Amino acid sequence: MGQKSVAVIGAGIGGLSAAAHLAHAGYRVDVYEKNAEPGGKASVLRASGFRFDKGPSLLTMPFVFKKHFEELDAHPDRFLHFERLHTNCRYLYPDRTIINAYADMKRLAEEFAAKTKDKRSSINSYFERCKEIYELAADIFLFNSPLITFRTPSSNSLSALTHLGELGVSRTLNKMNSMYFSDHRVVQLFNRYATYNGSSPYRAPATFLIIPYVEFYFGAYNVDEGINSIPRALYDIAKKKGVRFHFGQEVTRIIHEKHRIKAIQMDNTIVDHEVVVANSDVRNVYGVLLEDRNSPMARMYRHKEPSSSALVFYWGIKGNPGDLQVHNVFFSNDYQKEFRDIFRNKKCPEDPTIYINITSKYVQTDAPNGYENWFVMINAPYMAGQNWSAETQRVRKTVTEKLKRTLGIDIEKLIVYESVMTPRDIERETSSSKGSLYGMASNSITGAFMRQQNKSMIYRGLYFCGGTCHPGGGMPLALLSGRIAADLVMKGEK
Ligand SMILES: Cc1cc2nc3c(=O)[nH]c(=O)nc-3n(C[C@H](O)[C@H](O)[C@H](O)COP(=O)(O)OP(=O)(O)OC[C@H]3O[C@@H](n4cnc5c(N)ncnc54)[C@H](O)[C@@H]3O)c2cc1C
């Protein structure tokens, strides 16, 4: 019998992970990527002496990356170096309160007690609850495929299944946070974690308490050579395992007969493949690539609410203005209105929360001497007919005015380099449907728990990986999705 072969569509973090695991297991793996380089959303921008990570900026769960290399019989230290942050983020409020989210939990509790109405005990019992939910949910909903877990449950997953009611599904994240904290600034801080998967804290279930747990217990990390070194390292190990990469190749069609995968098509070229792992957005796979626009899945995805997108300014800044950390958040006055603007009014918020990441505070070569590289992001709606040039102008003015008010510095005068990424650019560059960052929003219980599984139940030979399917968005989960998809292929789960 000849070597079994697999096509992977896309060289994002999920695709790179699936490809390496499959090649390691002896499969012949071809990765087809429309861009010239691997990385997808985790790509890089270099200009005028500045280096910017274009998408992700915060790394959590570094142990899943270490494990990835170990499972491939490689030493993680030969590929990537991480360093834990002492301050995960600095939060700046409109009333001029500044809260440092220290990595050290004791210091963090003291910071909250000193600067807000909430006591140390509240933060401690909150994290106890976060921990309970994480321990119940992680096995099934993060590290494994429910498809396998439900068929052959371990004692851990059986316990999780019998305690599903305790996963916080009956409350929103905002409700749960408001039960633990009386100070609106603390509630706002912990509500922000819904945005880590592009959702609204006023609609997403409290199950997402696992996100602050992961960030504080396992830590937030800097990556020595920047976030883009992650996909580069994943690419290097995949190449070593024998994966063949075809860059500049956009797959335009997945060909199937009676729901059995037969081949993929790029322009006029058809390549036979009976097993395909799609790292492209699930909505595009069902709605475009399978050419089954009227299939129940395509129709279902057309009606699902996409996650939020982002509007990002990449600014080369003269000097090091403001007393800022690597990660900084300038909160809005009315957080509920901000999410109404994003999800209901589908416009960039009138008063957006601003996130600023400055990697040159850590990697000095990311900016010329005497300058900093500012990644300035606001949460934006997914594409719904907005005029992005007008939105960009409006948001830029709001952002510079807000920074001037908060920092007392006219940042506009210090910008020596500028580039922008709108939701439209995100869609064009990574084929993310409507420019959404994390696939479907988790703005309901079904949204949170009914993500596309890593194997299609309808098309035999079709598998999924990446941030738009199980277990979810964000770099660690995208990486895990690749391993889960590869496991399913190997188990012959057709
Ligand atoms: C602005 C921004 C900020 C973010 N912040 C964070 C953060 O701080 N922390 C974090 O963990 N995550 C963050 N994320 C999310 C994180 O980047 C993603 O969840 C993760 O990188 C997604 O990986 P993926 O495997 O889904 O692949 P993607 O990055 O979506 O890449 C998919 C790849 O497939 C290719 N492709 C798609 N369709 C086709 C086709 N038909 N033919 C050929 N190639 C195709 C695309 O070109 C692309 O290269 C952020 C994302 C963005 C955009």
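The values are calculated or read from the model by the stated rules, or taken from the named source; none is laboratory data. None of these values were measured; they are calculated from a predicted model. A quick note on method: Cβ atoms are made from the backbone with ideal geometry, for glycine too, and the neighbour counts reach across all protein chains shown. Ligands, DNA and RNA are stripped out before the accessible areas are found, and what is left, the full protein with its side chains, is counted by its heavy atoms. Shrake-Rupley method; radii C 1.70, N 1.55, O 1.52, S 1.80 Å.
Computed from label points 7 Å out along Cα-Cβ, the spacing between residue 217 and residue 110 is 2.4 nm. The packing ranking, built from the mean of other Cβ atoms within 10 Å per residue, places the peptides 37-44, 312-319, 109-116 in the order 37-44, 312-319, 109-116, highest first.
Rounded to the nearest Hz, the phi-derived 3J(HN,Hα) couplings of region 460-472 under the Karplus curve 6.51 cos²θ - 1.76 cosθ + 1.60 (θ = phi - 60°) are 6, x, 10, 10, 10, 9, x, x, 9, 10, 5, x, x, where x marks glycine and proline. Backbone phi angles across region 355-371, fed through the Karplus curve with coefficients 6.51, -1.76 and 1.60 (θ = phi - 60°), yield HN-Hα couplings of 10, 10, 10, 10, 6, 5, 5, 10, 9, 4, 6, 6, 8, x, 3, x, 9 Hz in residue order; Gly and Pro are listed as x. As a rough guide to protection, the peptides 50-56, 235-241 ranked by mean Cβ packing within 10 Å, highest first, stand as 50-56, 235-241. For region 1-125, the solvent-accessible area works out to 44 Å² per residue, with a probe of 1.4 Å and every protein chain left in place.
Each of the peptides 454-465, 347-358 was scored by the mean count of other Cβ atoms within 10 Å over its residues; in descending order, highest first, they stand as 454-465, 347-358. Applied to region 246-263, the Karplus parametrisation 6.51 cos²θ - 1.76 cosθ + 1.60 on θ = phi - 60° returns per-residue 3J(HN,Hα) values of 10, 8, x, 10, 8, 6, 9, 7, 10, 8, 9, 10, 6, 6, 10, 5, 10, 6 Hz, with x for Gly and Pro. Please compare each pair in 4/66; 337/402; 404/434; 304/347; 41/397; 175/304 to a cut-off of 21 Å on the Cα-Cα distance and tell me which ones are over it. With Cα atoms farther than 21 Å apart: 4/66; 404/434; 41/397; 175/304. Of 233, 439, 467, which is farthest along the charge dipole of the chain in the positive direction, counting Lys and Arg as +1 and Asp and Glu as -1 at C-beta? Sorting the options by dipole projection puts first 439. Once C-alpha pairs closer than 8 Å and six or more residues apart are averaged by separation and normalised to the residue number of the chain, the relative contact order reads 23 percent. Does region 1-160 come out rounded, prolate or oblate by the C-alpha gyration tensor, with a ≥ b ≥ c the root eigenvalues, rounded set by a/c under 1.5 and, if not, prolate when a/b is larger than b/c and oblate if not? Since a/c reaches 1.5 but b/c is at least a/b, the shape of region 1-160 is classed as oblate.
How many percent of all Cα-Cα pairs in region 103-217 sit more than 26 Å apart?
22
Taken along the Cα-to-beta-carbon direction at a fixed 7 Å, the label points for residue 73 and residue 267 span 3.8 nm.
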